[in-house]
1. Expressed in nm to one decimal, what extension gain is obtained for the pair A269 and V63 from 0.36 nm per residue of sequence separation less their Cα-Cα distance?
2. Stretched out fully, how many nm does the piece from I20 to S122 gain, at 0.36 nm a residue minus the Cα gap?
3. So which trypsin sites (Lys or Arg not before Pro) in the stretch 166-255 are both in a DSSP loop and have at most 15 other Cβ atoms within 10 Å of their Cβ?
4. What is the pair-distance distribution P(r) of the stretch 147-209, computed from all Cα-Cα distances in 5 Å bins starting at 0, with each bin given as a whole percent?
5. Which whole-number value in Å² is the accessible area per residue of the chain, probe 1.4 Å?
6. Find the all-direction average of the projected area of the Cα convex hull for the stretch 211-285, expressing the result in square nanometres with one decimal place.
7. Rounded to whole Hz and in sequence order, give me ³J(HN,Hα) for the stretch 35-43 from the Karplus expression 6.51 cos²θ - 1.76 cosθ + 1.60, θ = phi - 60°, writing x for Gly and Pro.
8. Over 10 Å intervals from 0, what percent of Cα-Cα pairs in the stretch 39-195 sits in each interval?
Amino acid sequence: MPVTRRGFTLIELLVVVSVISLLIALLLPAVQQAREGARRMQCRNNLVQITLALHNYHAAHLVLPPGCVNETGPVKAGTPGDNHFGWAVQILPQLDEVNRWNQFDFTKTSYQQASTILTAPSLFSCPSSPFGGQSYAGSHHDSPAPIDVDNNGVLFLNSGIRLREITDGKAYTLLVGEILPGVFSGSWFQGTEATLRHAGSFTTYGNLDGDAEQAYNEVISRQEDLDPNSPAAQIVAALPMTFGSWHTDGTHLACADGTVRFVSTHLDASILRRLGNRRDGEIVGEF
């Protein structure tokens, strides 16, 4: 009696492979979207903890920490003789980072610290950022301006703002928010454009033009050894030092009342500027 062998024909195998490929193509975007949603939630939680630490600092010292500590102004990043300790290092004890706090030598400037503390705590980095580093900055002004003692924000040069001095209302005043990492702007513990930004507009990875996007990635990936006078570095240096994020549809902003909102990058620029001013007397409206 002949033996009958059972199997799949070539056509059947091609159909199965095609169906599997189609299912993978359909599921992959959903998986990526779910991962980004989880990263966005973690980013929000980071800002919640940072905002809570700022409030705990206020409870202990009756003022918010200075955005930058320096004898003179305005602040210019990379000036070795300047102090330039920023707000992020001031709240380390409130973030349960006492050991990291103890490694700083405050008898020296921020440019003279040990290399062991150059890496920022993971809490300061957005999970969506491919480069890591500092992803959050304090609001120092409502428009493009040097970091100085007369800024309209909440964290600026030698500031010591009390929450009751935010006359526009804490729910309508920007405290900290997401940023794209700075280029040649200092370290995470310095009160430079690395940790302080103005609220003049949004900058996001998704809306950089082609040349700027390519230059941005090149500079960030080679930040330590790239010549600041190279064409790529000059393109990126022209990007506004504003708030923004790696998320494609918005940016997390934390207000002085402790709330964290995911704000569309299409938000009217005038509303964003009003959020960046603690005392302009303007009505912000919905955002």
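1. 71.3 nm
2. On the way: separation 102, 0.36 × 102 = 36.72 nm, distance 3.84 nm.
Full extension from I20 to S122 adds 32.9 nm.
3. Hits after loop and neighbour filter: R222.
4. Binned Cα distances yield the sequence 3, 15, 22, 24, 18, 10, 5, 1, 0.
5. Value returned for the chain: 52 Å² of accessible area per residue.
6. So the mean shadow area of the Cα hull is 6.9 nm².
7. Rounded to whole hertz, the list is 5, 5, x, 5, 5, 5, 5, 5, 4.
8. 11, 42, 38, 8, 0
The values are calculated or read from the model by the stated rules, or taken from the named source; none is laboratory data. Remember, predicted model here, so these are calculated numbers, not experimental data. Because the Cβ atoms are built from the backbone with ideal geometry, glycine has one as well, and the counts that use them run over all protein chains shown. For accessibility, only protein heavy atoms count, side chains too; no ligands or nucleic acids. Shrake-Rupley method; radii C 1.70, N 1.55, O 1.52, S 1.80 Å.
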